[in-house]
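Rule-based calculations on the coordinates, nothing more; no lab input. Values in this document were obtained by computation on a predicted structure and should not be read as measured data. A quick note on method: Cβ atoms are made from the backbone with ideal geometry, for glycine too, and the neighbour counts reach across all protein chains shown.
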Amino acid sequence: MPDETRRATPPPRGKLAAGEAGRFSDLDARAVAGDQLTPHHMPQAAAKFTTRGEGGALALPHEEHVLTRTYGVRGRAVARAEAGLPFRQVLARDMQDVRRIAGAKYNRGLRTLMAYYREHFPNLIHKLPKPRSA
């Protein structure tokens with residue numbers, strides 16, 4: 001897993017805001033009981049691309065979080081259906097899902113999430129080479 005000393009910028013401090021993105025454990029540590037915000041794992045922790053704490057997340061209001069394709073029992077079905085898919089493909093589906101729910105409202109957070117994965121998990125986020133035709 002990534003070394004904490006490699007972090008390019010320290011995580012924000014203070015109260016969590018909707019649309020913030022980064023490491024799940026950093027966002028979760030800033031959550032305030034009753035604020036109705038939830039760090040939404042992208043991809044879901046059940047996909048096991050990373051540990052639960054190291055996985056990337058986007059802070060969503062609870063009413064939007066429950067609409068995501070991976071919330072609750074839907075998440076278990078998605079995890080089974082997407083087992084074996086590449087990280088980038090699963091992440092792209094989750095990003096499309098957030099945009100389906102909230103439009104462009106969280107685009108900045110989604111860009112931050114991509115930057116988090118590029119910095120801390122370059123082996124997951126890289127594009128796979130296209131197969132050569134014979």
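Between residue 93 and residue 63, what FRET efficiency follows from the Cβ-Cβ distance if R0 is 22 Å, with the result rounded to 0.05? Write down the numbers at each step before the final one.
On the way: r = 21 Å, r/R0 = 0.96.
Here the calculated transfer efficiency is 0.55.
For every helix of n ≥ 4 consecutive DSSP H residues, a contribution of -39,500 (n - 2.57) applies; sum these over the chain, divide by its total residues, and give [θ] at 222 nm rounded to the nearest 500 deg cm²/dmol. Don't jump to the answer; show the numbers that get you there.
Numbers: 6 runs with 56 residues, N = 134.
Taken over the chain, the calculation gives -12000 deg cm²/dmol.
What is the projected area of the convex hull of the Cα atoms of the chain, averaged over all directions, in nm²? Could the numbers behind the result be given before it?
Numbers: hull surface 37.2 nm².
Its Cα hull, projected and averaged over all orientations, spans 9.3 nm².
What distance in nm lies between label points placed 7 Å from Cα along the C-beta direction at residue 83 and residue 130?
Simple spin-label model gives 3.2 nm for this pair.
Please give the contour-minus-distance gain from residue 119 to residue 29: 0.36 nm per residue of separation, less the Cα-Cα distance, rounded to one decimal in nm.
Working: separation 90, 0.36 × 90 = 32.40 nm, distance 2.08 nm.
Answer, rounded to one decimal: 30.3 nm.
So for the chain, taking the charge dipole from beta-carbon charges (+1 Lys/Arg, -1 Asp/Glu), which of 89, 129, 106 sits furthest toward the positive end?
Towards the positive end, the residue furthest out is 129.
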